[in-house]
Amino acid sequence: ERIESQTAQNKEVFRGVHLNDSDLPTAYSNERSGREKKYSMSWRITPDLLGVLSGSGLFEDTNPAWFTTLGWLPKEIESQPFLAFIHPDDIAKSKIAFLEIQAGKPILKFENRYRHKDGNYRWLSWNAIPEDGRFFCNARDITAEKEREATLRTCETPLPQSTPQREFCVVNSKAARQ
C-alpha cells in the first residue's frame with residue numbers, strides 16, 4: 001500500500017511503502033524467510049530497491065521493494081543479468097556505469113529505466129558502492145518526477161516579449177489591487 005501525506009502548506013511530502021507480510025505473495029515470503037534474517041528491518045521495509053550485485057552482473061540479494069516497485073520475485077531478478085531488465089535505450093550507458101563500478105568508482109544518481117513485470121518501464125535513480133568484488137546498490141523510483149518534468153516541458157510556452165509599456169501596466173495593476 002503506498003502512503004502519501006502532505007502538510008497543510010503542501011511544503012513537505014512523505015512518500016513510502018507500508019508492507020505487511022499479507023501484501024506479498026506467499027511465494028515471495030516463503031522464498032525469503034531464511035535469507036532476510038541476515039539483514040536489518042530497514043532492508044525489509046524501505047521503499048528503495050536494495051540489492052547486492054555480483055561482479056558478473058547478477059543480483060545476489062534483493063529486498064521486497066523490488067516486488068512492490070517492479071513486480072518481480074527475487075528468484076526472477078536474481079536469475080538474470082541486470083541488463084535483461086533495462087530499457088533498450090539505456091543499455092549502453094548502463095554498461096558504461098557497470099564498467100566504472102567494476103573499476104572501483106562509486107555510482108551516484110545514475111538514472112535508467114527498468115522493466116516492470118507488466119512490460120512498462122519505471123525510471124530509477126541509482127547509487128552503488130563497490131566493496132570486495134560486489135556492489136551494494138540502492139535505487140529510488142523517480143518515475144513520477146520524470147512524468148511531472150515531461151508534463152511541465154509540454155506546458156511551457158514562451159511568453160511574448162514584454163514591452164516597457166506592458167511591464168508598467170502589470171506593475172500598476174498589481175499595486176492597485178493591494
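The values are calculated or read from the model by the stated rules, or taken from the named source; none is laboratory data. Computed from a predicted model, the values in this text were never measured in an experiment. Cβ sites come from the backbone with ideal geometry, for glycine too, and all protein chains shown count toward neighbours. SASA here: full protein model, heavy atoms, side chains in, ligands and nucleic acids out. Shrake-Rupley method; radii C 1.70, N 1.55, O 1.52, S 1.80 Å.
Just one of (1) at pLDDT below 80; (2) aliphatic (A, V, I, L, M); (3) within 18 Å of residue 47 (Cβ to Cβ) fails for residue 144. It is (1). Scanning the stretch 135-153 for residues that are among the polar types (S, T, N, Q) and touching a strand residue (DSSP E or B) at 6+ places or on another chain (Cβ under 7 Å) yields 138, 143. Just to be sure, is residue 158 at pLDDT below 85 and not hydrophobic (A, V, I, L, M, F, W, C)? Answer is yes for this residue. The residue that is nearest to residue 55 (Cα to Cα), among those in the stretch 104-119 that are over 14 Å from the mean Cα position of the chain (by Cα) and free of Cβ contacts under 8 Å to residues at least 40 places away in the same chain, is 104.
Scanning the stretch 7-14 turns up no residue that is modelled with pLDDT of 85 or more and either exposed (fewer than 13 other Cβ atoms within 10 Å of the Cβ) or basic (Lys, Arg) (or both). Inspect the stretch 75-93 for any residue being touching a residue at least 40 places away in the same chain (Cβ under 8 Å) and in contact with a helix residue (DSSP H, G or I) (Cβ under 8 Å, 6 or more places away or on another chain) and give the result as yes or no. For the stretch 75-93, residues touching a residue at least 40 places away in the same chain (Cβ under 8 Å) and in contact with a helix residue (DSSP H, G or I) (Cβ under 8 Å, 6 or more places away or on another chain): present.
Can you tell me how many residues in the stretch 53-82 are assigned to a helix (DSSP H, G or I) and out of contact with any Phe, Trp or Tyr (no Cβ under 8 Å at 6 or more places or on another chain)? Total meeting the criteria: 5.
Looking only at residues of the stretch 76-103 that are open to solvent by less than 50 Å² (accessible area, probe 1.4 Å), charged (D, E, K, R) and over 16 Å from residue 136 (Cα atoms), we find that the one that is nearest to the chain's Cα centre (by Cα) is 90.
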